[in-house]
Amino acid sequence: MMAAGGGMQLREEWPESVTPLSGPVCVRGATEHWPVHEIVSSGTLQRRWRDEAVSLVTAVGATERTTVGSYFAQLAEGRAGGTYLKEWHVSTYLDEFAELPLPSALTSWFDRLPEQSRPDWAWIFVGPAGSGSPTHVDVMCSSAWNLLVTGTKEWTLHSPVTAAAMGHLEPELVAVTGRDDASTFTFVQRPGDVVIVPGGWAHAVRNREDTVSLTGNWVSGSNVDLVLASLRSSGQRSWTQIVEALRDHHGGLGSD
């Protein structure tokens, strides 16, 4: 494993464990032969769900409604402008069309909750060149993976110290992340790459080309201390109790 520019850790194989992650990781070409690439490149994705209604985010942050088929047509014709399809929830049929053999290290404890209680943390993102997501820390300070299918993405990542200084992370949570350095770096993700972002790292993403990607968040022994600290800090009592129960079920802290 090596670091790119003092920041992103590059790997050729999946990490056996993400407890602990010292920083963001990119597994190069990890998914090149997964079925999802053929499903997207062949047009199966947009044909199969062409009539499904989805929400787009515009360049000014407004929301527009359209269908999957209409949006892919706009994208192909160069008419998508600054819009971004970024909250297309796919958890109900993710395995059906994508068959993602993600490693167990990225499995979320929330997957064991009843479906009606489980947060929907799996999405497809589709957008033209120039679209993207502004700087943010992920929900509950959970960790995230992002699988790029087509195009290229430029990531800007900020360590927890820097994220707190920017106002994206509560200062008292920095110590829980295990990082005490202030750093910012950029990284380019290419098709087949999977980027893994630990909780507490702020990040912004810009699409350099038209892109399709899949992303998901998880809570496990790798990040439960930080997730609980974040939930307590924000006063989310019910979720705190749920995560505490999951932690106890898994034998305490620090187990995947």
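Every number here is computed from the coordinates shown, using simple stated rules; none is lab data. Values in this document were obtained by computation on a predicted structure and should not be read as measured data. Neighbour counts run over all protein chains shown; Cβ positions are idealised from the backbone, glycine included.
Arrange F125, F110 by Cβ neighbour counts within 10 Å, fewest through most, would you?
Numbers: F125 23, F110 20.
Ordered by Cβ neighbours within 10 Å, fewest first: F110, F125.
Compute the separation of the alpha-carbon centres of region 103-118 and region 185-256 and state it in Å as a whole number.
The distance from the Cα centre of region 103-118 to that of region 185-256 comes to 12 Å.
Does anyone have the angle between helix 224-233 and the longest principal axis of the chain? Alpha-carbon axes, 0 to 90°, nearest 10?
Approximately 90 degrees, to the nearest 10.
How many angstrom lie between the Cα centre of region 144-164 and the Cα centre of region 18-93?
So the separation of the two Cα centres works out to 16 Å.
Given that compact globular proteins tend to follow 2.2 N^0.38 Å, what is the ratio of the alpha-carbon Rg of region 154-204 to that value?
Numbers: Rg = 11.5 Å, N = 51, 2.2 N^0.38 = 9.8 Å.
For region 154-204, the normalised Cα radius of gyration comes out at 1.18.
For region 21-62, run through the trypsin sites (Lys or Arg not before Pro) and keep only the ones in DSSP coil with at most 12 other Cβ atoms within 10 Å of their Cβ. Provide the component values of the computation, followed by the final result.
Values: sites: R28, R47, R48, R50; in loops: R28, R50.
Loop-located and lightly packed - none at all.
To make sure I understand, if each residue's beta carbon is the centre and we count other beta carbons within 10 Å, what order do H33, H203 fall in, fewest to most?
Numbers: H33 9, H203 22.
By the 10 Å Cβ count, ascending, the order reads H33, H203.
Loop only by DSSP, 15 or fewer other Cβ within 10 Å of the Cβ. Give me the trypsin sites (Lys or Arg not before Pro) in region 200-256 that pass, ordered by residue number.
Numbers: sites: R206, R208, R232, R237, R247; in loops: R208.
Listed in order of number, the matching sites are R208.
Expressed in whole Å with the largest first, what are the equivalent ellipsoid semi-axes of the chain derived from the C-alpha gyration tensor as the square root of 5 times each eigenvalue? It would help to have the intermediate numbers written out before the result.
Numbers: eigenvalues 168, 85, 70 Å².
Working through the eigenvalues yields semi-axes of 29, 21, 19 Å.
Just to be sure I follow the definition: excluding the sites themselves, where is the longest run in the chain that has none of the GluC sites (Glu not before Pro) in a DSSP loop with at most 16 other Cβ atoms within 10 Å?
On the way: sites that count: E12, E13, E16, E32, E52, E77, E99, E209.
My reading of the result: 100-208 is the longest stretch.
Let me spell out the model: positive unit charges on the Cβ of Lys and Arg, negative unit charges on the Cβ of Asp and Glu, origin at the Cα centre of the chain. What dipole size does that give, in debye rounded to 20?
Approximately 480 debye in magnitude.
When averaged across all projection directions, what area in nm² does the alpha-carbon convex hull of region 40-152 cover? Working shown, then result.
Working: hull surface 32.8 nm².
If I average the Cα hull's projected area over directions, I get 8.2 nm².
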